[in-house]
Amino acid sequence: MAVKSTLRRRLPVAVALLTAPAALVLAGLAGIGALAPIWAVAGTLAVALAVLLILYPHFAHVEALRRYIEALRVAGTSDILPKPPAGRSPVLAPELDETVVETARERQRRRRELEAAIAGNEMILSNLPDPLIMLDRTRRIVRANPAAEALFSGNLTGRDLISLLRNPALLTAADAAVAGQEGKVVEFTLHGEIEREFSARVVPLTTPALDGTVAILSLHDLTAARQAERMRADFVANASHELRTPLSSLIGFIETLRGPAREDTEARERFLGIMHDQSMRMARLVDDLLSLSRIEMQEHTAPTGSADLRAMLESVVRGLELKAQSRRIGFDLSLGDPPPVIGVQDELAQVFQNLLDNAVKYGRTDSKVRVTARLVEPASDPAARRIGRPAVAVAVSDSGEGIARDHLPRLTERFYRVDTARSRELGGTGLGLAIVKHIVNRHRGHLSVESEIGKGSTFTVYLPLASAAAQDAPSRRRVG
Ligand code: ADP
């Protein structure tokens, strides 16, 4: 249709224009009688026909090229390019066609690269763990990444920043950035169900984006880092305080012995006894601190050896028998024949030493501390399911005064005690259960605590079995 119209409109004009000089000459010749008028007409027609025959393929080809370029425009971002025009123009250089087709291909290749780059940027933006918000000149949100939408629960586009964040310093910084002034970093607390601390960076763009973005606000959650900082500071303060108490007592007694009690033999003996206890307490504390830091350093590497629980538990119990007797506490062991577990013998011995020592310390006098071992399967036991394989569960139960429910989640924190004075009086460092937790974690096991006020407590350690062979015959190897 377009070819026809071009040919119909322009071809006759071109033919007429090119034929006109010859027609004029022939008409002139006929006018002076040098040529019969019929020959002049025939000659003009012959010239017109010749011009038409030369011009037609050229016009048709130009039209085809035009249609091709038009088709490229219509094809837009489509992957399929229209077919390049066939045929040749006798007037246009053949390279012209190739240049047009090559330009189209190049354009398509560039567009694909651009689309891939945009998709890549979108993916980065979507997967960025930190919330990112783009602001326009009026401080409205042009767009926000999924992390930002999750943090503020909802679609943020079009909202003023103040509807999300009311911190004055941050809003001032955002206003300055959208006005093209220097970017800033502002720290603020986001109040909500859980308070979170953030560092916000607002930066103006060097050139405004096409979507109207003039500044970017990125948020970084500092809560975990701040908590870790506080925990570290608390830990140093606690450890220093714990060491300071026996140290002050030792200094006090040394001064008394050098001064007023210098000649008092009876007082000296008594004071030396107390000083011995205080130094032992300091030594225990230093030992526990060293154990804890050693275990924490190794926590990310799981042990590979295997440990025999029965022999280990019997040995720990033997070591505690004297202390237990002094409180008229007996042990009741029901271990069966537990299969070997993955573990480092010495570390696991420390776990059970701490648990059994606590059971003796906090158990009721004239009572029993029970130690049981049983095999648990992921199919039937939630703890084994958590571990992801069969495990041996060793439970240490006492019939002491028990622990109130709200203390249970914090028991394994360093220096956390239900009753600090009582723990100190009984020689505790407040680090025993923290050590237990870290060793169990390193062994990829699990620790659970059940307790009832007035009845007693049960600490259960789940440890993954060492070999697959042991997993195959759970019923035969049932323990406890
Ligand atoms: P501690 O050296 O004080 O015993 P642990 O870390 O071993 O430190 O235990 C932390 C706290 O947990 C103890 O101070 C005590 O209050 C409580 N606790 C631990 N084991 C028992 C238990 N078997 N019965 C009652 N309370 C316990």
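The values are calculated or read from the model by the stated rules, or taken from the named source; none is laboratory data. Bear in mind that the values here come from a model prediction, so they are computed numbers and not experimental data. Here the Cβ is made from the backbone with ideal geometry for all residues, glycine too, and neighbour counts use every protein chain on show. Areas reflect the complete protein model, heavy atoms only, side chains present, ligands, DNA and RNA absent. Shrake-Rupley method; radii C 1.70, N 1.55, O 1.52, S 1.80 Å.
Computed values, structure above
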item: Residue in the range 233-246 that is aromatic (F, W, Y) and open to solvent by 40 Å² or more (accessible area, probe 1.4 Å) present; result: yes
item: Given (1) outside any helix (DSSP H, G or I); (2) surrounded by 12 or more Cβ atoms within 10 Å (Cβ to Cβ), index of the condition P260 fails; result: (2)
item: Filter pass, V186 being closer than 19 Å to L222 by Cα, in contact with a Gly (Cβ under 7 Å, 6 or more places away or on another chain) and aliphatic (A, V, I, L, M); result: no
item: Any pair with Cβ under 9 angstrom, 6 or more apart, that starts in the range 51-77 at a residue that is touching a residue at least 40 places away in the same chain (Cβ under 8 Å) and ends at one that is basic (K, R); result: F59/R10; E63/K4
item: Test for R294: is it of a type outside the set (F, W, Y), more than 39 Å from the chain's Cα centre (by Cα) and assigned to a helix (DSSP H, G or I); result: no
item: Answer from E321, E266, E314 - the residue that is out of contact with any helix residue (DSSP H, G or I) (no Cβ under 9 Å at 6 or more places or on another chain), outside the structural domain of P246 (by TED's automatic domain parsing) and free of Cβ contacts under 8 Å to residues at least 12 places away in the same chain; result: E321
item: Pair list, Cβ under 8 Å, 6 or more apart: the range 10-26 residue open to solvent by 40 Å² or more (accessible area, probe 1.4 Å), other residue assigned to a helix (DSSP H, G or I); result: R10/F59; A16/A48; L18/V51; L18/L55
item: The range 409-428 residues that are more than 22 Å from M231 (Cβ to Cβ), paired with ones that are of a type in the set (K, R) (beta carbon under 6 Å, 6 or more apart); result: L426/K361
item: Strands (runs of 3 or more DSSP E) within the range 330-410 that include 2 or more residues open to solvent by 60 Å² or more (accessible area, probe 1.4 Å), more than 10 Å from the ligand (Cβ to nearest atom) and in contact with a strand residue (DSSP E or B) (Cβ under 6 Å, 6 or more places away or on another chain); result: 330-334, 368-376
item: Selection from the range 303-317 of residues that are open to solvent by 50 Å² or more (accessible area, probe 1.4 Å) and either part of a loop (DSSP other than H, G, I, E, B) or closer than 12 Å to F331 by Cα (or both); result: T304, D308, E314
item: Lone unmet requirement of (1) under 31 Å from the mean Cα position of the chain (by Cα); (2) of a type in the set (S, T, Y); (3) at pLDDT below 95 for S448; result: (3)
item: Failed condition for L165, given (1) in the same structural domain as T207 (by TED's automatic domain parsing); (2) more than 30 Å from E187 (Cα to Cα); result: (2)
item: Residue selected from the range 123-142 under the condition modelled with pLDDT under 95, open to solvent by 40 Å² or more (accessible area, probe 1.4 Å) and outside any loop (DSSP other than H, G, I, E, B), by the criterion farthest from H220 (Cα to Cα); result: M123
item: Evaluation of Q471 against (1) open to solvent by 20 Å² or more (accessible area, probe 1.4 Å); (2) modelled with pLDDT of 95 or more (one fails), failing number; result: (2)
item: Evaluation of E106 against (1) within 21 Å of V203 (Cα to Cα); (2) part of a helix (DSSP H, G or I) (one fails), failing number; result: (1)
item: Subset of the range 275-298 that is hydroxyl-bearing (S, T, Y) and more than 14 Å from R424 (Cα to Cα) - its residue that is least open to solvent (accessible area, probe 1.4 Å); result: S291
item: Criterion violated by D419 - all others in (1) within 21 Å of R364 (Cβ to Cβ); (2) modelled with pLDDT of 95 or more satisfied; result: (2)
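For (1) assigned to a strand (DSSP E or B); (2) away from the ligand (no atom under 13 Å from the Cβ); (3) open to solvent by 10 Å² or more (accessible area, probe 1.4 Å), each residue gets a yes or a no:
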site: S423; (1), (2), (3): no, no, no
site: G430; (1), (2), (3): no, no, yes
site: L433; (1), (2), (3): no, no, yes
site: V436; (1), (2), (3): no, no, no
site: N441; (1), (2), (3): no, yes, yes
site: L447; (1), (2), (3): yes, no, yes
site: T458; (1), (2), (3): yes, no, yes
site: L463; (1), (2), (3): yes, yes, no
